[in-house]
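Scroll down for the structure; my scribbles are underneath it.
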Amino acid sequence: MLRPVEMSRVVVAGSNKVIEPVIEKLHELNLLHVVNYSGTDDAFEMGKPLGTASEYAEKLIKLRSIERYLNISDKMPDKQFPESQVLSQMDGILGSVGDDVIATAERISEIDNEVKIKQDQAKALKPLAGLPLDLELLYGYNSLAPFVGTVASPVEADVSKVSYVNEVFTASSGGTNAVAVFVPAEKAGDVSGVLAEHGFSEISVPRGLTGSIAGAISTLESDSKRLEGEKVPLQKKLNDIKAQHEDLTLAIDEYLSIQSQKAESPLRFASTDNAFMIDGWLPTDQYETLKRELESAAGGRVQVEKLDGSEADKLVETGEDIPTKMNNPSIVRPYELITRLFAIPEYKEFDPTLLIFVFFPLMFGLILGDVAYGLIIFIVMFMLKRKFRTPGWASLINIVIIASIWAIIFGFIFGEIFGPLGLWDYIFSGSHHVGLLGTVADPHHVGIDFGSGFYGSLGRLGPEIGGFAGGMFPMYRLATASVLMLIGVSIFIGVIHTGIGSVLGVKNELAYGEKRHAYFEKLPVLLFQVFFGLGLLGLIAGGLTHPLVLLSALVIIISIVMMVKGPEGVMGATHIPFFVSNLISYLRLLAIGLASVGVAFAANQLAFYVLMPMLSGGGHEGFTTIAIVVGIVVLIMVHFINLLLGILSPFMHPLRLHYVEMFTKFYSGHGGGVEYSPFGRVRRFLRD
Amino acid sequence: MVVETITDGGILYGLLAVGAGLATGLAGIGAGVGEQGIGAAVVGVVAEEPGFLGKGLFLMLLPETLIIFGLAVSLILMFAWTPFA
């Protein structure tokens, strides 16, 4: 499972006479990852598309434009169609229905244009509405120069000064002064200068309208309203067509895509006048199926051959990529999304998906760790699952669902239902937890209440040591003792997590045949980090002279020496701070959790111990109705925000721990891989 | 008088809390300054090539460890180091 599926290199060669049945069969099998012919061999040239290619391409273009007008985009199917039905209804959709759709959509866009023009005209005329002139009088003179527009101050007097002969009409409404000035054409220049001094701005009068200005405006407005009304049934018609034919259209799209993919496929093959040759990779265990099926489809006139290892290796050396097909059981598969987001593993590399499946939800749970939050996320995601069915969303939702189960489990360990002071005490222990937040001044009395309530005697693992009660569950995360414990747990998870990464790194380098990199670059990192963790443990247990500390110091020194001897020389040792910070980085597992616990704690404290007693007169019992209502509103608001953050950060931070802390140890050191994408197509809307 | 009730231990504890706050807060500013440039660059690259998202995220999250260092110091100050024991 940590390795991709084993692949074999095959060559399919045959006579051009059987190319169509071979393509048909290959496409149906959906097995062969075709290596495109690069055109470097003189004996071969690139194949030519089948004769039907252009026909399918044309149909596809028309269908896509219909889809665009109908606003149809790819989705998961509600209905499936047999190919015969698709064939019989395709002409209808592409013909009469399609033409109808295109005509309707074009009419709608025409209407939109007209409405826009009319609205613009109405808007331009608005300021002129008060002028006592008809529209046709405002333009079209030979010897007169008309000026129509708005001004900031009265103009009559100044216009008279430059042109004795004039006619000025004014109207003002809503703070704008409209003006229409008519002067002899030869005075136009002078008048325009005068008008400019008064802040004149011209309004271009739309041509082709008649009658009073106010009348024209109302006509324009009623026209655009009428046109808008005309649009409604057209849009309804498009919606009806979409509702009726959406799945069928997508099925036709799928059918045409498949046909055009097949028709154009010879472009990827090498060919001569009489023969063709297809190169490709497929999972080794599928080779026999491919050979048998192709030979029966082509009546024996095709040769299917598997290249042996050394020949395939030679091709890989010349730059051919072996495609990677990740091999994970279905419960792990959603986590391939996280792997893919970073890079597709190379064929010889490890596929980290299984490790992500183990660690990611664990970390998510450790950070969120709340029964109620976990349950809410679980239920919400379960409901979203029906809505979002595309593969990407489905994976994401499954990832969060699995993670939320861990959040519930850790919720029981931490004793949190809506945070500390939340519902846990009401449900399980019956009494409020007192002294949750101890002070540093009195650390030994903090956490003495560990073990009371739900877990009973189970909570007390071991005898009382010093002032500590020795009990563990439920371990209230804000208590000093559990913070200290979680620091240890976080670092411990870090050592294991990066350790596994380093082990895989060593094996990876060996798989590529780089022994020096394996033993002097990756191995010392493993030793360094594991013994750094063990050394810390020794320090806590017995101080500087503890044998574990001495042993760790020795191994760490050896590992540093190995790094210096490694391929990078002294530079290798400069990475040491990075390895230390890798481990400390795992403290975020505790830290992010503490932040969200803190918010939940504050909300509960505010509602139960501040607001509700305050509003009901100080007592801690017998709250008034209003106090309870206000308290609940505050609780819902704060917990809702906390829950949103509680989905985001427990997701992002483990993601980082995988990408930065773990993947750097082994993953993609040799560049990303190529995903196995076989020639063919998974039919979603078509059925046999 | 109020002044008489403040003990040496109390002052020490107060200073400890201030130090812890500074450790996390300043480290947070540092991480933020580091991430702003990388974040802007990553958004730019992802707009051009969406496939870079994972690696961009990786680069963007690198400086984030800084704040964890600060936090580690704070945790040690507040919880693990007890000068009053």
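Taking K and R as +1 and D and E as -1, what net charge do the other residues with C-beta under 15 Å from the C-beta of A:Val380 add up to?
+2
Report, to the nearest whole %, how much of the accessible area of the stretch A:1-41 belongs to carbon and sulfur atoms, 1.4 Å probe, protein only.
47
In the stretch A:587-609, which residues become less accessible by 20 Å² or more once every protein chain is in place, relative to the chain on its own, using a 1.4 Å probe?
Residues shielded by partner chains are A:Leu587, A:Arg588, A:Ala591.
Check A:Leu686: other-chain or 5+ apart residues with amide H under 5 Å from its amide H, H built from backbone geometry?
A:Phe81
How big is the gap, in Å, between the Cα center of the stretch A:559-601 and the Cα center of the stretch A:1-55?
First find each Cα centre; the distance between them is then 48 Å.
Can you give me the Rg/Rh ratio for the stretch A:1-118, using Cα atoms for both radii and the Kirkwood formula for Rh?
1.13
How much net charge surrounds A:Thr289 when only other residues with a Cβ under 13 Å from its Cβ are counted (Lys, Arg +1; Asp, Glu -1)?
-1
Note down the nm distance, to one decimal, between modelled labels 7 Å out along Cα→Cβ at A:Ile379 and at A:Ala196.
About 7.3 nm, to one decimal.
Just in the stretch A:643-688: which trypsin sites (Lys or Arg not before Pro) are loop by DSSP and have at most 16 other Cβ atoms within 10 Å?
Listed in order of number, the matching sites are A:Arg681, A:Arg684.
Quick one: helix A:19-29 against the long Cα principal axis of chain A, what's the angle to the nearest 10°, folded into 0 to 90?
60
Within the stretch A:144-185, which residues have the backbone N less than 19 Å from the label spot 7 Å out from A:Glu136 along Cα→beta-carbon, could you tell me?
A:144, A:146
Tell me, what % of the accessible area of the stretch A:124-215 is carbon and sulfur with a 1.4 angstrom probe?
53
Taking the convex hull of the Cα atoms, report for chain A its projected area averaged over all directions, in nm².
53.2
How much of the accessible area of the stretch A:483-585, probe 1.4 Å, is carbon plus sulfur, in whole percent?
Exposed carbon and sulfur together represent 80 percent of the surface.
Report, in degrees rounded to the nearest 10, the 0 to 90 angle that the Cα long axis of helix A:523-542 makes with the longest principal axis of chain A.
Around 70 degrees separate the two axes.
Can you compute the modelled spin-label distance between A:Val11 and A:Lys79, with each label point 7 Å from Cα toward Cβ, in nm?
5.0
Could you tell me what fraction of 2.2 N^0.38 Å the Cα radius of gyration of the stretch A:483-585 comes to, as a two-decimal ratio?
So the stretch A:483-585 has a normalised radius of gyration of 1.10.
Taking 0.36 nm per residue of separation and subtracting the Cα-Cα distance, what length does fully extending A:Thr219 through A:Ile641 add?
Between A:Thr219 and A:Ile641, full extension yields 146.7 nm more.
Give me the residues in the stretch A:572-586 whose solvent-accessible area, probe 1.4 Å, is reduced by at least 50 Å² once all protein chains are included instead of the chain isolated.
Residues of the stretch A:572-586 that lose at least 50 Å² of accessible area once the other chains are added: none.
Taking a probe of 1.4 Å, how large is the accessible area per residue of the protein assembly as shown, in Å²?
Accessible area per residue, the protein assembly as shown: 50 Å².
If you stretched the chain out fully between A:Leu544 and A:Met46, how much longer would it get, using 0.36 nm times the residue separation minus the C-alpha to C-alpha distance?
172.0 nm
Give or take rounding to whole Å, what are the principal axis extents of the alpha carbon atoms in the stretch B:35-85, in descending order?
Projected onto the principal axes, the Cα atoms of the stretch B:35-85 cover 58, 17, 8 Å.
What GluC sites (Glu not before Pro) does the stretch A:487-527 have in DSSP loop regions with at most 16 other beta carbons within 10 Å?
Counting only loop positions with at most 16 other Cβ atoms within 10 Å, the GluC sites (Glu not before Pro) in the stretch A:487-527 are A:Glu514.
Can you give the helix-only mean residue ellipticity at 222 nm for the protein assembly as shown, where every DSSP H stretch with n ≥ 4 adds -39500 (n - 2.57) and the sum goes over all residues, rounded to the nearest 500 deg cm²/dmol?
-18500 deg cm²/dmol
Compute the acute angle (0 to 90°) between the alpha-carbon long axis of helix A:480-511 and the principal axis of greatest extent of the alpha-carbon atoms of chain A; round to the nearest 10°.
The helix A:480-511 is inclined about 90 degrees to chain A.
Any idea what the relative contact order of chain A is, in percent, if you count C-alpha pairs under 8 Å spaced at least 6 apart?
Relative contact order, chain A: 20 percent.
Sum up the charges of everything whose Cβ sits under 14 Å from the Cβ of A:Tyr37, counting Lys and Arg as +1 and Asp and Glu as -1, but leave A:Tyr37 out.
The answer is -4.
What quantity of accessible surface, computed with a 1.4 Å probe and excluding non-protein components, is buried in total between chains A and B, in Å² to the nearest 100?
Interface between A and B: roughly 2100 Å².
Could you tell me which of the pairs A:Lys522/A:Lys665; A:Lys62/A:Lys116; A:Lys59/A:Lys236; A:Lys507/B:Lys55; A:Lys75/A:Lys242 are separated by over 18 angstrom between their Cα atoms in the structure shown?
A:Lys62/A:Lys116; A:Lys59/A:Lys236; A:Lys507/B:Lys55
The values are calculated or read from the model by the stated rules, or taken from the named source; none is laboratory data. A quick note: this is a predicted structure, and the numbers were derived from the prediction, not measured. Backbone-built Cβ (ideal geometry, glycine too); neighbour counts: all protein chains shown. For accessibility, only protein heavy atoms count, side chains too; no ligands or nucleic acids. Shrake-Rupley method; radii C 1.70, N 1.55, O 1.52, S 1.80 Å.
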